[in-house]
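The next block holds one structure in the form of structure tokens; read it before the comments.
The values are calculated or read from the model by the stated rules, or taken from the named source; none is laboratory data. Fair warning: this is a prediction, and the values are worked out from it, not measured in the lab. What goes into the accessible areas is simple: the full protein's heavy atoms, side chains included, and nothing from ligands, DNA or RNA. Shrake-Rupley method; radii C 1.70, N 1.55, O 1.52, S 1.80 Å.
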Amino acid sequence: MATAVRVEGLRRAVRQLERAGVEVEDLKKAFSRVSNEAMNDIRPHIPRGDTGALAASLRASKTKNTARVYIGYKRVPYAGPINFGWWDRNIESTHFMQVVDDPSNANKYVNIIEQELDRLVARLNLN
């Protein structure tokens, strides 16, 4: 027996999936796949310095309802100025993180999360 479900809004969809019995770890894996894909798209655009510390600081979030990519941390405080620029210090912006905003990439990420959520729903229907 097929079940038709229509939920608008990602947070609401995640809550509904949890209520239906989807494990939090499965949701984390689904969103992690999107984050990893975004990291693969960003990585070639990161400026490489002598140490490669900026590129090495790229990491993905592992949450059940969002896909986020972070770069920089306390030992790499210059990630923001490299990405956005710093007028007073004459640092040109590179906008390497903004490659994910390209419409073709955005559609790719939406397709990935739709595939992952569809896979989780299909697994629920089999149980």
Could you calculate the contour length gain from F84 to A106, that is, 0.36 nm times the residue separation minus the distance between their Cα atoms, to one decimal place in nm? 5.9 nm
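Please report the carbon-and-sulfur percent of the accessible area for the chain; probe 1.4 Å, protein heavy atoms only, DNA, RNA and ligands left out. Write out the running numbers ahead of the final one.
On the way: 4490 of 8830 Å².
Exposed carbon and sulfur together represent 51 percent of the surface.
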Under the helix-only model (-39500 (n - 2.57) for each DSSP H run of 4 or more, divided by the residues of the chain), the mean residue ellipticity at 222 nm, to 500 deg cm²/dmol, is -16000 deg cm²/dmol
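May I ask you to give the solvent-accessible area per residue for the chain, in square angstrom, as obtained with a 1.4 angstrom probe?
Values: 8830 Å² over 127 residues.
Heavy-atom SASA per residue in the chain reads 69 Å².
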Hey, any idea what the orientation-averaged projected area of the convex hull of region 11-127's Cα atoms comes to, in nm²? 8.7 nm²
For I91, what residues show an amide H to amide H distance below 5 Å, using hydrogens built from the backbone and excluding near sequence neighbours? W86
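If you stretched the chain out fully between Y70 and T94, how much longer would it get, using 0.36 nm times the residue separation minus the C-alpha to C-alpha distance?
Working: separation 24, 0.36 × 24 = 8.64 nm, distance 1.59 nm.
Taking 0.36 nm per residue and subtracting the Cα distance, the gain is 7.0 nm.
If you average the sequence gap of Cα pairs under 8 Å that are 6 or more apart and divide by the length of the chain, what percent do you get for the contact order?
Values: 133 pairs, mean separation 32.3, N = 127.
Relative CO of the chain lands at 25 percent.
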